[in-house]
Amino acid sequence: MLKANVPKLDPREEHFWVAGPRAGMQLFLRRLSPAQPAPKNRIVLYVHGGTGFDVWAFDCYGFGASDRYPEMNEPATKNPSLCRAPEAAEQTAAAVRFILDQQAVPRLSIIAHSWGSIPAGRFAGQHPALVDRLVLFGPVARRPPRRYEKPPSAPAWQIVTLEAQWARFTEDVPAQEPPVLSRAHFDAWGERYLDSDPDSRRYDPVGVKVPTGPFNDIIHAWHGELAYDPALVQAPVAIIRGEWDGVIPDEDARWLCDAFTRHRSSATSRSAAAPT
């Protein structure tokens, strides 16, 4: 996607392209400053996955308006899965350090959704001094290893169609419940989604080419291999999940809550919330 063509979702929005951990590749960040003056230390970064806050969001390599991996121009089976959690955590670190330098503050808060909770948690554990608070919405938790079963291998990238996205957004809604997402709103979002890949409308069916690292990390977590240790996170943590969320059912939320509070020091201020 051409950098000059990235649309602003709000007139006050600012765009930045910053150097990431891979030489010659840049990460895309959006910033939406508060409409009214707010304390300078109220900064939050959304990791894909606020009124009164200085809100930032960034795209990992291979997504949105950040640079694409060169390997995404090669056959999917030629390279291993791209954008795994260890590298995504380094990309998060690059985005955080840019924001902290730009705003001249020592730390910020992070909101992470779904897979984004894995690199965000990894980053928070590795750089505790840089994280004020951590909010995980629909996060991924570790599930017990499956006997005699290993996580399947994955290609470097895949194409995710609009219909696959629709199914992902609606599959957890019980059949007897009214829809939670209108087709009209989804269709409007879908056009912007397709715009993130300049070749999206050439595929049949149309879709967006994305790295498989996030999907691979989730599968590994559900085979006993979560890519970070929640016990290393020192910042206060909030875990938020929907009642019908199939990614983090009750038992996963309980495990994650316990993992964040395990081995904590009495001198550490940390909290976690999960279903009772």
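Taking the C-alpha atoms of the chain, how large are the radius of gyration and the largest Cα-Cα span, Dmax, in Å?
So, for the chain, Rg and Dmax equal 18.8, 57 Å respectively.
Hey, what D do you get for region 144-230 in µm²/s if you plug the Kirkwood alpha-carbon radius into Stokes-Einstein at 20 °C and 1.002 mPa s?
Result for D is 139 µm²/s.
Which order do peptides 186-197, 146-157 fall in by mean Cβ count within 10 Å, highest first?
Result, highest mean Cβ count within 10 Å first: 186-197, 146-157.
Modelled label-to-label distance, GLN103 and GLU251, 7 Å Cα→beta-carbon offset: nm?
3.9 nm
Measure off 7 Å from each Cα along the Cα-to-Cβ vector at ASP258 and LEU181, then give the distance between these two points in nanometres to one decimal.
Result for the modelled spin labels: 3.2 nm.
Report, in deg cm²/dmol and to the nearest 500, the calculated mean residue ellipticity at 222 nm for the chain, where each DSSP H run with n ≥ 4 adds -39500 (n - 2.57) and the sum is divided by the residue count.
About -8000 deg cm²/dmol.
Treating only the Cβ of Lys, Arg, Asp and Glu as charged (+1, +1, -1, -1), what charge dipole size does the chain show about its Cα centre? Round to the nearest 20 debye.
In total the dipole reaches around 720 debye.
For region 124-276, what D do you get in µm² per second when you plug the Kirkwood radius from alpha-carbon pairs into Stokes-Einstein at 4 °C and 1.567 mPa s?
Calculated translational D: 72 µm²/s.
For an R0 of 35 angstrom, estimate the FRET efficiency from the Cβ-Cβ distance between PHE215 and LYS8 and round to the nearest 0.05.
The value I calculate is 0.75.
With the Cα gyration tensor of region 84-179 giving a ≥ b ≥ c as the square roots of its eigenvalues, does the rule (a/c under 1.5 for rounded; else a/b larger than b/c for prolate; else oblate) give rounded, prolate or oblate? The partial results should precede the final answer.
Details: a/c = 2.00, a/b = 1.57, b/c = 1.28.
It comes out prolate by the Cα gyration axes.
Could you tell me which of SER117, GLY64, THR92 has its Cα farthest along the dipole of the chain towards the positive end, charges placed at Cβ (Lys, Arg +1; Asp, Glu -1), taken about the Cα centre?
So the residue we want is THR92.
Report the paramagnetic label zone for ASP229: residues of region 244-260 whose backbone N is under 20 Å from a point 7 Å from Cα along the Cα-to-Cβ axis.
Output list for this probe position: 255-260.
For region 194-257, just say rounded, prolate or oblate: build the C-alpha gyration tensor, square-root its eigenvalues into a ≥ b ≥ c, call rounded for a/c under 1.5, and beyond that prolate if a/b exceeds b/c, oblate if not.
The shape class here is prolate.
If the viscosity is 1.567 mPa s and the temperature 4 °C, what translational diffusion coefficient in µm²/s does Stokes-Einstein give for region 1-150 when Rh comes from Kirkwood over Cα pairs?
79 µm²/s
Full extension from GLU171 to ARG202: what is 0.36 nm times the residue separation minus their Cα-Cα distance, to one decimal in nm?
8.5 nm
Where a ≥ b ≥ c are the square roots of the eigenvalues of the C-alpha gyration tensor, would you call region 51-102 rounded, which needs a/c under 1.5, or, failing that, prolate if a/b is larger than b/c, or oblate?
Prolate, since a/c reaches 1.5 and a/b exceeds b/c.
Residue separation times 0.36 nm, minus the C-alpha to C-alpha distance between GLU243 and GLU71: what's the value?
Result: 58.1 nm gained on full extension.
Read the figures in this text as sums done on the coordinates, not as results from a lab. Computed from a prediction, not measured in an experiment: that's the story for all the values here. Ideal geometry is used to build each Cβ from the backbone, glycine not excepted, and the neighbour counts take in all protein chains shown.
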